[in-house]
Amino acid sequence: MGKVIAVSNQKGGVGKTTTAINLAASLAFADKRVLLVDMDPQGNMTSGVGRKDRDKDAQTVYDCLIADSTSGYIPVIETDVHGLFVLPADRQLTGAEIEMAALPQREFRLKQTIDRLRDSYDYIFIDTPPSLGLLTLNALVASDAVIVPLNAEYFALEGLADLVGTLRRVQSSLNPGLDILGVLLTMHDERTNLAQQVTREIREFFGDRVYSTIIPRNVRLGEAPSHGKPVILYDVKSKGAEAYLALAREFITREHALAERG
Ligand SMILES: Nc1ncnc2c1ncn2[C@@H]1O[C@H](COP(=O)(O)OP(=O)(O)OP(=O)(O)O)[C@@H](O)[C@H]1O
Ligand SMILES: [Mg+2]
């Protein structure tokens, strides 16, 4: 049965989408079967894997959330990376936040869809919007674990208490098994003292949950989405691609360690 991981931080622009796409693509590269689920109405994940400009009537994750999520058609599509698939989103998803509020099982709408997909993948990554609303809540309820990307800047730790609080609430009421799987430092600039200082603070706060792999600030990572490609297809020799391939290796090593511990 596949493992479901939300990539979440209510702070905007910290590398959630970049991490979900490139960790997933790197795992697919390592022969895993991986699904990306776009739960952000910005649809950055969908366009980042080159699947934005489809037929405008094509179904998206919105339809799964609003229609009967226990049985309807699930519009998963292929990407250019072998073994990597996406359940896309577009602007229409904005409306789901409000429409779902009036539906039964409103926090479990995504989970009902994800549970029908689990068996077909090794890993499912859910990208979340920069907020703690009903879309993010649905992602957290549907997930086994969370990866939190943080950029090593002065305000990185600010607002984390809100995220940790939300995770605790979800754990205690809606999804007891939910856990922080890992914390990832992104857009790191090792030349600055500030980044080093913030990195130390984050390691003190989260201990060994922080991945030893650090994602550097890298121009190729910023460019790849505008070409609709994960960085391993855009420039596999770039520092950004190397970093996400290293993250995938660390991720798999940790998964093996978790499995051995039972
Ligand atoms: N390591 C990096 N080096 C350079 N640019 C990066 C890096 N990671 C992400 N970017 C760029 O920074 C911007 C923000 O990244 P991203 O979209 O992944 O963040 P996000 O947390 O998903 O944002 P949002 O909260 O809006 O969904 C994007 O333009 C992305 O291409
Ligand atoms: Mg994003």
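Each reported figure results from applying straightforward, stated rules to the coordinates on display, with no laboratory input. Since this is a predicted model, take the numbers as computed values, not measurements. Glycine gets a Cβ as well: all are built from the backbone with ideal geometry, and neighbour counts include every protein chain shown.
The table below lists the values:
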{"item": "Selection count where residues are closer than 16 Å to LEU247 by Cβ and in a helix (DSSP H, G or I), scope the stretch 175-201", "result": "1"}
{"item": "Every pair of residues 6+ apart whose Cβ atoms lie under 7 Å, when the first sits in the stretch 112-132 and is in contact (Cβ under 8 Å) with a residue 60 or more places away in the chain and farther than 13 Å from LEU36 by Cα while the second is charged (D, E, K, R) and within 16 Å of ligand 1 (Cβ to nearest atom)", "result": "PRO129/ASP40; PRO130/LYS11; LEU132/ASP162"}
{"item": "From the options ALA246, ALA259, ALA195, ALA241, residue that is of a type outside the set (Lys, Arg), away from ligand 2 (no atom under 16 Å from the Cβ) and without any contact (Cβ under 8 Å) to a residue 12 or more places away in the chain", "result": "ALA259"}
{"item": "Among (1) among the charged types (D, E, K, R); (2) within 16 Å of ligand 1 (Cβ to nearest atom); (3) over 13 Å from the mean Cα position of the chain (by Cα), the one test that ASP179 misses", "result": "(2)"}
{"item": "Filtered residue count, the stretch 116-150, keeping only those that are farther than 20 Å from ILE98 by Cα, hydrophobic (A, V, I, L, M, F, W, C) and part of a helix (DSSP H, G or I)", "result": "1"}
{"item": "Whichever residue in the stretch 218-262 is within 25 Å of ARG51 (Cα to Cα) and not in a helix (DSSP H, G or I) and, among such residues, is farthest from the chain's Cα centre (by Cα)", "result": "LYS237"}
{"item": "Members of the stretch 144-157 found to be within 16 Å of ligand 2 (Cβ to nearest atom) and in contact with a helix residue (DSSP H, G or I) (Cβ under 8 Å, 6 or more places away or on another chain), listed by number", "result": "VAL146, ILE147, VAL148, PRO149, LEU150"}
{"item": "Members of the stretch 111-142 that are within 16 Å of ligand 2 (Cβ to nearest atom) and of a type in the set (Ser, Thr, Tyr)", "result": "THR128, SER131, THR136"}
{"item": "Near pairs, Cβ below 6 angstrom, 6+ apart or cross-chain, from the stretch 1-25 (of a type in the set (Lys, Arg)) to any residue that is more than 9 Å from ligand 1 (Cβ to nearest atom)", "result": "LYS3/TYR123; LYS3/ASP144; LYS11/GLY159"}
{"item": "Residue check for TYR244: among the aromatic types (Phe, Trp, Tyr), on the phi < 0 side of the Ramachandran plot and crowded, with 21+ Cβ neighbours inside 10 Å", "result": "yes"}
{"item": "Close pairs from the stretch 33-46: first at negative phi, partner in a loop (DSSP other than H, G, I, E, B) and within 11 Å of ligand 2 (Cβ to nearest atom), Cβ under 6 Å, at least 6 apart", "result": "ASP38/ALA89; MET39/THR128; ASP40/PRO129; THR46/ALA89"}
